[in-house]
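Colleague: Please see the structure below; I have some questions.
The values are calculated or read from the model by the stated rules, or taken from the named source; none is laboratory data. What you see is a predicted model; the values in this text were computed from it and never measured. Backbone-built Cβ (ideal geometry, glycine too); neighbour counts: all protein chains shown. Calculation scope for accessible area: heavy atoms of the full protein, side chains included, ligands and nucleic acids excluded. Shrake-Rupley method; radii C 1.70, N 1.55, O 1.52, S 1.80 Å.
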Amino acid sequence: MRSNRTVNVDAAVAPLDAHMVRNYGRADEVFVDGCGAELRTAEGDVYLDFLGGIGVSALGHGHPELAAALADQAGRTLHVSNLFRHPYTVEVATRLARLTGLEAVLFTNSGAEANEAALKLARKHQRDAGRPERTGFIALEGGFHGRTMGALSVTSGASYRAPFEPMVPGTTFLPSGDLEAMAAALERDRPAAVILEPIQGEGGVVELSTGYLRGVRDLCDATGTVLIHDEVQSGCGRTGTFLAADAAGIKPDVVTLAKPLAAGLPMGAIVVRAELADVLKPGDHGSTFAGGPLVLRAALVFLTLLEEDGLMERAAELGARLRTGLEAFAADFPNVGAVRGRGLMLGLHVPEGAKELQQRLYRDHHLITNCTAGDVIRMLPPYVVTETQIDDALGRIRSALEGPVIDAP
């Protein structure tokens, strides 16, 4: 039976905020609906969303095919647990194996949880191989892998780690791009795994070079080290290839995915090479909610559209259009630096005043972005963004850089 009950937004918001833990610095606006790359507030103001829930809303807002599939699934089963089978597990896992070029999938609820599972798998693999002493990890400066204790322990930023120390011991942080340092650390420390992001999102949309990625792959092969690529933000077609590292022509041993995978619902996954498919035995790892029928139904809609409707190619094409427009700002404004990233994962380096620019874009021009690493305007628009909206966003950024406030939409 369908409920006719409606929610009084004004009445609901105040008590919700009054009883929330104060860990989010949230804006005052209350978003109640949206369409594609647009969001609408309770007052009817429209914002252009170039953050996409921090890379989550791959199909934008109010996508009709996704909404229909979720409504249908909600009338069937929401949850059955991992003790039983449901129709979408094999299909989604098969698609992910094909798209990544790897072998086997473990579903999780988030990117942090996926990274936790990857770290556990690496340690278990080393133990099974007769190397139980290999328990440490190598991670990169500028890397971000999540906020749970294991994932936080391989996240480099002191501001993330310091309030919660001591961390899980055994992580060595190296400068990104330094192959000599990586070679020396692998020889000296003999860790269980190396974990890195091919494009560091929270670290300022910093893309690791093809030579570095290939070099780390070779070094891991030579030392028996598990190579984990965290593609929670850069994966699932956002850069124009399914994995960002595909452009370098290499495969990790384990890749972690999340953010856009279920187009707005909480879902993550690890995908592993054939040699690691049997490392985790029954009882070694699990998750109560992960891989349920609702989120996998959403993932199936997203992955089908990605492959059959050309969304991956659109991400490359529209990303190039956005990048070209952003690069023009460097010539016109002295406080604008280089454009970073690829596809629809782009950052505009603003050495001074980046946070102020981001706030002005939101407040005065109704363009949603965020500021990462202190000096980069990060853009992660939905894959369904249009050329007109790309050009519109570029116009709003130019207006914000020039100073005058434009009329809100």
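Colleague: Go through the stretch 111-138 and count every residue that is open to solvent by 40 Å² or more (accessible area, probe 1.4 Å) and within 25 Å of the chain's Cα centre (by Cα).
Modeller: 4
Colleague: Those residues that are among the hydrophobic types (A, V, I, L, M, F, W, C) and touching a residue at least 60 places away in the same chain (Cβ under 8 Å), I need them from the stretch 20-51; list them, please. Before you say what the answer is, go through the steps one by one.
Modeller: The first filter runs over the stretch 20-51 and keeps only residues among the hydrophobic types (A, V, I, L, M, F, W, C), leaving 20-21, 27, 30-32, 35, 37, 39, 42, 46, 48, 50-51.
Of everything in the stretch 20-51, those that are among the hydrophobic types (A, V, I, L, M, F, W, C) and touching a residue at least 60 places away in the same chain (Cβ under 8 Å) turn out to be 27, 37, 39, 46, 48, 50, 51.
Colleague: Tell me which strands (runs of 3 or more DSSP E) are completely within the stretch 133-229 and hold 1 or more residues being in contact with a Pro (Cβ under 8 Å, 6 or more places away or on another chain), or say none if there are none.
Modeller: Numbers: elements: 137-140, 171-174, 193-196.
Because the criterion is at least 1 residues that are in contact with a Pro (Cβ under 8 Å, 6 or more places away or on another chain), the strands (runs of 3 or more DSSP E) in the stretch 133-229 that meet it are 137-140, 171-174.
Colleague: Another question about this same structure. With the condition kept exactly as written, say whether any residue in the stretch 190-197 is more than 17 Å from the chain's Cα centre (by Cα) and under 26 Å from residue 343 (Cα atoms).
Modeller: yes
Colleague: Please find, within the stretch 370-403, the residue that is nearest to the chain's Cα centre (by Cα) out of those that are surrounded by fewer than 16 Cβ atoms within 10 Å (Cβ to Cβ) and among the hydroxyl-bearing types (Ser, Thr, Tyr).
Modeller: Step by step, filter the stretch 370-403, then rank; the result is 386.
Colleague: Further question on the same structure: Just for the stretch 333-369: of the residues that are polar (S, T, N, Q) and surrounded by fewer than 17 Cβ atoms within 10 Å (Cβ to Cβ), which one is farthest from the chain's Cα centre (by Cα)?
Modeller: Among those residues, the one meeting the criterion is 335.
Colleague: Let me ask you something else. Only residues that are hydroxyl-bearing (Ser, Thr, Tyr) and open to solvent by 40 Å² or more (accessible area, probe 1.4 Å): list them for the stretch 173-220, please. Outline the logic, then answer.
Modeller: Step one: of the stretch 173-220, the residues hydroxyl-bearing (Ser, Thr, Tyr) are 176, 209-210, 212.
Selection gives 176, 209, 210.
Colleague: Return yes or no: is residue 245 in contact with a helix residue (DSSP H, G or I) (Cβ under 8 Å, 6 or more places away or on another chain), closer than 25 Å to residue 216 by Cβ and in a helix (DSSP H, G or I)?
Modeller: It is true that residue 245 is in contact with a helix residue (DSSP H, G or I) (Cβ under 8 Å, 6 or more places away or on another chain), closer than 25 Å to residue 216 by Cβ and in a helix (DSSP H, G or I).
Colleague: Same structure, new question: For residue 330, which of the numbered conditions (1) surrounded by fewer than 21 Cβ atoms within 10 Å (Cβ to Cβ); (2) in a helix (DSSP H, G or I); (3) hydrophobic (A, V, I, L, M, F, W, C); (4) touching a residue at least 12 places away in the same chain (Cβ under 8 Å) fails to hold?
Modeller: Of (1) surrounded by fewer than 21 Cβ atoms within 10 Å (Cβ to Cβ); (2) in a helix (DSSP H, G or I); (3) hydrophobic (A, V, I, L, M, F, W, C); (4) touching a residue at least 12 places away in the same chain (Cβ under 8 Å), only one is false for residue 330: (4).
Colleague: If you take the residues of the stretch 280-291 that are touching a residue at least 60 places away in the same chain (Cβ under 8 Å) and open to solvent by 10 Å² or more (accessible area, probe 1.4 Å), which of them is nearest to residue 52 (Cα to Cα)?
Modeller: Result: 289.
Colleague: Any residue that is part of a loop (DSSP other than H, G, I, E, B), surrounded by 23 or more Cβ atoms within 10 Å (Cβ to Cβ) and hydroxyl-bearing (Ser, Thr, Tyr) - is there at least one of those in the stretch 253-262?
Modeller: No, because not a single residue in the stretch 253-262 is part of a loop (DSSP other than H, G, I, E, B), surrounded by 23 or more Cβ atoms within 10 Å (Cβ to Cβ) and hydroxyl-bearing (Ser, Thr, Tyr).
Colleague: Residues in the stretch 86-99: is at least one surrounded by fewer than 21 Cβ atoms within 10 Å (Cβ to Cβ), free of Cβ contacts under 8 Å to residues at least 40 places away in the same chain, farther than 30 Å from residue 252 by Cα and of a type outside the set (Gly, Ala, Ser)? Show your work before the answer.
Modeller: As a first pass, look at the stretch 86-99 and keep what is surrounded by fewer than 21 Cβ atoms within 10 Å (Cβ to Cβ): 86-91, 93-95, 97-98.
Then keep just the ones that are free of Cβ contacts under 8 Å to residues at least 40 places away in the same chain; that gives 90, 93-94, 98.
Within this subset, residues satisfying the condition of being farther than 30 Å from residue 252 by Cα are none.
Scanning the stretch 86-99, I find no residue that is surrounded by fewer than 21 Cβ atoms within 10 Å (Cβ to Cβ), free of Cβ contacts under 8 Å to residues at least 40 places away in the same chain, farther than 30 Å from residue 252 by Cα and of a type outside the set (Gly, Ala, Ser), so the answer is no.
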